[in-house]
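K.L.:
First the structure, then my questions, so here it is.
Read-outs throughout are calculated quantities, based only on the coordinates presented, and are distinct from any laboratory measurement. Just so we're clear, the structure is a prediction, and the values are computed from it rather than from any experiment. Backbone-built Cβ (ideal geometry, glycine too); neighbour counts: all protein chains shown.
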Amino acid sequence: MKKAKSIITGITVLAVSLISMIPFWLMFSMSTYQSEMIFQNNPLIPSNYFMENVKTIFSSNFSRAYLNSFIISISAMLFSTLICAMVGYAMNVYHFKAKRIFYTLIMMTMMVPTQIGIIGYMIEMRNVHLNNTLLPLIFVWLASGLGAYWMISFVQSSLPLELVESARIDGATEFRIFFRIAMPCIIPGLLTLCLLQFLWSWNSYMYPLVFVNKKENYTIPIFVKSLASAFRTDYGAQLCGLTLSTIPILILFSIGSKNFIKGLTAGAVKG
Amino acid sequence: MMIKKARNRDYISPLIFMAPFFICFFLFNLFPILYSFYMSTLNWAGYNQKVFVGLKNYIDIFTKDKIFWKSVLNTLRIGLVGFPVAMVLGLAFAALLFNLKKFKSFFQTLNFLPYITTPVAIGMIFTFIFEQHIGILNRLIAGLGGQTINFIGTAQWAPLIISIMIIWRNTGYFMTMYLAGMTAIPDELYEAAKIDGASSTQCFFKITLPNLKSVTTFLVITSTIYMFQMFDEANLLFTNQSSSTVGGPQQSCLTIVWNFYNQAFGSNPRMGYASAMACVLFGIIAVVSVIGLRLMNGKEEA
């Protein structure tokens with residue numbers, strides 16, 4: 001009886017996993033087809049046109065779009081993680097009167113939907129003549145409320161304050177303490193936040209849609225959209241580009257899936 | 001002298017460490033929103049002369065603009081079908097996985113993949129599945145001798161397809177959240193219940209579910225905020241369509257954000273009016289957030 005139950009559970013789990021994998025598999029499988037052939041065959045079975053599609057997209061400057069996406073995501077990831085780590089450090093190591101106010105402010109920044117300010121942001125960036133650069137796509141990720149909140153709780157749980165105290169007695173400067181002592185203690189937390197920030201900026205669609213208006217600044221989503229034209233939409237090539245764009249996420253996720261899930265669930269489970 | 005120096009340092013250092021965050025937040029997140037508030041009082045296309053019109057944009061939204069309210073209803077319709085289903089499914093699969101002894105983290109990772117997939121890819125793939133003539137599902141229906149259905153081109157089906165996208169994308173995420181919540185429930189509770197002779201169904205409803213309340217609250221709040229900002233899913237389902245329809249068939253998939261995006265950056269830009277829409281949306285989300293924070297904090301005190 002018990003065995004039968006666990007077999008049924010196993011089968012259900014397997015079936016559900018298959019369903020949630022199908023669109024993912026379709027993306028990969030369809031990217032191995034020539035566009036005209038996709039809809040004449042069973043697209044669940046891969047074909048042999050993948051390298052041709054790769055050639056097609058790289059001949060229309062896919063590498064530039066890929067590089068742009070990387071520049072944006074890596075910068076957003078590094079700087080926002082550093083900025084949030086600094087907040088986490090300050091909120092735990094120092095005692096100051098306005099601490100509660102700052103904490104409330106950070107909680108509020110978590111709730112502010114930044115997309116809503118996109119029109120104002122566009123005009124602001126246009127007025128400082130940055131709207132034709134990649135910078136607006138990076139800037140918008142820098143102050144992450146969720147990231148700051150996550151770093152505050154992570155520093156609290158993994159940085160022993162005695163270490164900071166003894167370093168101070170030894171005469172180390174505050175920045176030295178932060179980089180040499182605090183940072184190594186909170187590496188797992190930093191990695192989690194890096195993964196999240198990379199994912200968010202890499203998959204971002206609306207900001208590039210508003211800010212990218214010339215070919216040199218294409219990010220992957222905009223590049224893929226540009227493959228659709230009035231004459232012919234090269235579906236095979238589009239899906240090939242998307243498959244290739246998923247690879248960095250998959251690599252990062254398979255390396256750090258535990259950290260990643262821990263970071264995502266931190267806010268909810270503590271709640 | 002020494003004491004004074006130490007005090008000075010304690011006063012200034014935290015400010016230096018906090019400054020980058022708050023400066024960036026002000027420059028790139030808060031100021032744009034404040035500027036949008038200012039713009040919402042203008043009649044302005046973004047390039048011509050600004051004309052101050054006071055609250056006229058807001059009055060128009062609340063009294064004349066049927067499309068805005070249609071977009072609110074669309075958003076609610078898509079979201080209120082999608083998210084609750086994803087949440088119940090996520091909870092159910094979490095309960096299933098939780099009792100699984102082997103391969104737990106393998107299946108968890110597998111089901112989490114949709115959440116990290118680029119939305120652009122999701123939009124395209126869903127077009128390929130549900131398209132009327134070449135879509136996989138319709139070819140299957142036709143192959144079985146049935147009548148093909150125009151899922152994406154008709155107003156009664158298209159919003160449902162977006163709901164399905166939401167379900168597909170978020171079920172694994174909700175499942176992961178619930179799994180983490182279940183792991184945090186102490187084993188003693190279950191052991192005590194077993195000694196008292198409780199069935200596993202009773203355990204689920206009397207122990208598991210009440211202990212997941214904080215996770216559920218968190219998910220409901222974040223999903224609601226996310227729902228009101230929905231844009232990618234709806235917009236991407238129609239990007240590859242030859243006719244560049246805004247909002248899908250009969251604008252049934254025009255979400256609030258898509259509507260204001262189109263007003264601001266479309267062929268006939270009305271930056272001021274679109275900003276007013278954004279501000280109304282901001283108000284809606286603020287109310288939801290405040291209620292949500294109350295609920296979450298209330299839980300903490302109890």
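K.L.:
For B:I149 and B:I23, compute 0.36 nm times the residue count separating them, minus their Cα-Cα distance, and round to one decimal in nm.
P.N.:
Once the chain is fully extended between B:I149 and B:I23, it gains 40.1 nm.
K.L.:
Please work out the C-alpha center-to-center distance from the range A:61-113 to the range A:205-225 and express it in whole Å.
P.N.:
Each part reduced to its Cα centre gives a spacing of 23 Å.
K.L.:
How would you rank B:E188, B:E131, going from fewest to most other Cβ atoms within 10 Å of each one's own Cβ?
P.N.:
Going from sparsest to densest Cβ surroundings: B:E188, B:E131.
K.L.:
How high is the relative contact order of the range A:119-231, in percent, counting Cα pairs under 8 Å that sit 6 or more residues apart?
P.N.:
This gives 35 percent for the range A:119-231.
K.L.:
Take every Cα pair under 8 Å in the range A:1-153 that's 6+ residues apart, average their separations, divide by the length, and report that relative contact order as a whole percent.
P.N.:
Once normalised by length, the contact order is 26 percent.
K.L.:
For the residue pair B:M296 and A:N48, what label-to-label distance in nm results when each label sits 7 Å from Cα along the Cα-to-beta-carbon direction?
P.N.:
Taking the simple label geometry, B:M296 and A:N48 are separated by 5.5 nm.
K.L.:
Another one. Along the charge dipole of the protein assembly as shown, Cβ charges K/R +1 and D/E -1, which of A:V210, B:L237, B:T154 sits furthest on the positive end?
P.N.:
Of the options given, the answer is A:V210.
K.L.:
Then there is this: Can you compute the helix-only [θ] at 222 nm over the protein assembly as shown? Use -39500 (n - 2.57) per DSSP H run of at least 4 residues, normalise by all residues, nearest 500 deg cm²/dmol.
P.N.:
It lands at -23000 deg cm²/dmol.
K.L.:
Now for a separate question. Roughly how many debye, to the nearest 20, is the charge dipole of the range B:116-221 about its Cα centre, given +1 on each Lys and Arg Cβ, -1 on each Asp and Glu Cβ, and no other charges?
P.N.:
Roughly 280 debye for the range B:116-221.
K.L.:
If you put +1 on each Lys and Arg Cβ and -1 on each Asp and Glu Cβ, how big is the dipole of the range A:160-221 around its Cα centre, in Debye rounded to 20?
P.N.:
Charge dipole, the range A:160-221, about its Cα centre: 340 debye, nearest 20.
K.L.:
Which of B:P210, B:S199, B:S275 sits farthest toward the positive end of the charge dipole of the range B:148-302, with +1 on the Cβ of Lys and Arg and -1 on the Cβ of Asp and Glu?
P.N.:
B:S275
K.L.:
Follow-up. If you project the alpha carbons of the protein assembly as shown onto the principal axes, what extent comes out on each, in Å, largest first?
P.N.:
Cα spread of the protein assembly as shown along its principal axes, largest to smallest: 88, 77, 51 Å.
K.L.:
Can you list which of the DSSP-assigned H helices in chain A have a Cα extent of 18 Å or more along the long axis and an average Kyte-Doolittle score of at least -0.5?
P.N.:
Within chain A the helices that satisfy the rule are A:2-30, A:62-93, A:99-111, A:145-158, A:187-203, A:235-270.
K.L.:
Suppose the chain between A:V128 and A:L82 were pulled fully straight at 0.36 nm per residue; how much longer would it get relative to their current alpha carbon spacing?
P.N.:
My answer for the length gained is 14.1 nm.
K.L.:
In debye, nearest 20: dipole of the protein assembly as shown around its Cα centre with unit charges on the Cβ of K, R (+) and D, E (-)?
P.N.:
Using Cβ point charges on Lys, Arg, Asp and Glu, the protein assembly as shown gives about 520 debye.
K.L.:
Of A:K225/B:K64; B:K101/B:K194; A:K2/A:K258, which sit over 27 Å apart, Cα to Cα?
P.N.:
Check vs 27 Å cut-off fails for A:K225/B:K64; A:K2/A:K258.
K.L.:
What does the convex hull of the Cα atoms come to per residue for chain B, in Å³?
P.N.:
Measuring per residue, one finds 235 Å³ for the Cα hull of chain B.
K.L.:
With a cut-off of at most 12 other beta carbons within 10 Å, and DSSP calling the residue loop, which trypsin sites (Lys or Arg not before Pro) in the range A:168-249 qualify? Please list them.
P.N.:
Here the sparse-neighbourhood loop sites are A:K214, A:R232.
K.L.:
Shifting gears a bit: Considering only B:I152, B:I125, B:I256, give the residue with the highest GNM mean-square fluctuation for chain B, with springs between Cα atoms whenever their separation is below 10 Å.
P.N.:
Taking springs between Cα atoms under 10 Å, the residue moving most is B:I125.
K.L.:
Under a 10 Å cutoff between Cα atoms, tell me which one of B:L100, B:L73, B:L254 has the largest fluctuation in the Gaussian network model of chain B.
P.N.:
Between B:L100, B:L73, B:L254, it is B:L100 that shows the largest mean-square fluctuation.
K.L.:
Relative contact order for the range B:163-302 using alpha-carbon pairs under 8 Å, separation at least 6, rounded to a whole percent?
P.N.:
Result for the range B:163-302 is 21 percent.
K.L.:
Let me ask something else about it. Counting other beta carbons within 10 Å of each Cβ, put A:W200, A:W150, B:W69 in order, fewest first.
P.N.:
With the fewest neighbours first, A:W200, A:W150, B:W69 line up as B:W69, A:W200, A:W150.
K.L.:
Okay, next question. Distance from the Cα centre of the range A:232-246 to that of the range B:174-216, in angstrom?
P.N.:
The two parts, judged by their Cα centres, are 44 Å apart.
K.L.:
In Å³ and rounded to a whole number, note down the convex hull volume per residue for the Cα atoms of the range B:15-73.
P.N.:
136 Å³
K.L.:
Please name which of A:S69, B:G248, A:F178 has its Cα lying farthest along the dipole of the protein assembly as shown towards the positive end, using unit charges on Cβ (Lys, Arg +1; Asp, Glu -1) and the Cα centre as origin.
P.N.:
A:F178
K.L.:
Would you mind telling me which residue in B:N29, B:N235, B:N211 has the biggest mean-square fluctuation in a Gaussian network model of chain B, where springs connect alpha carbons within a distance under 10 angstrom?
P.N.:
With Cα springs under 10 Å in chain B, the top fluctuation among B:N29, B:N235, B:N211 is at B:N29.
K.L.:
Using Cα centres only, tell me the gap between the range A:116-164 and the range B:25-96 in whole Å.
P.N.:
22 Å
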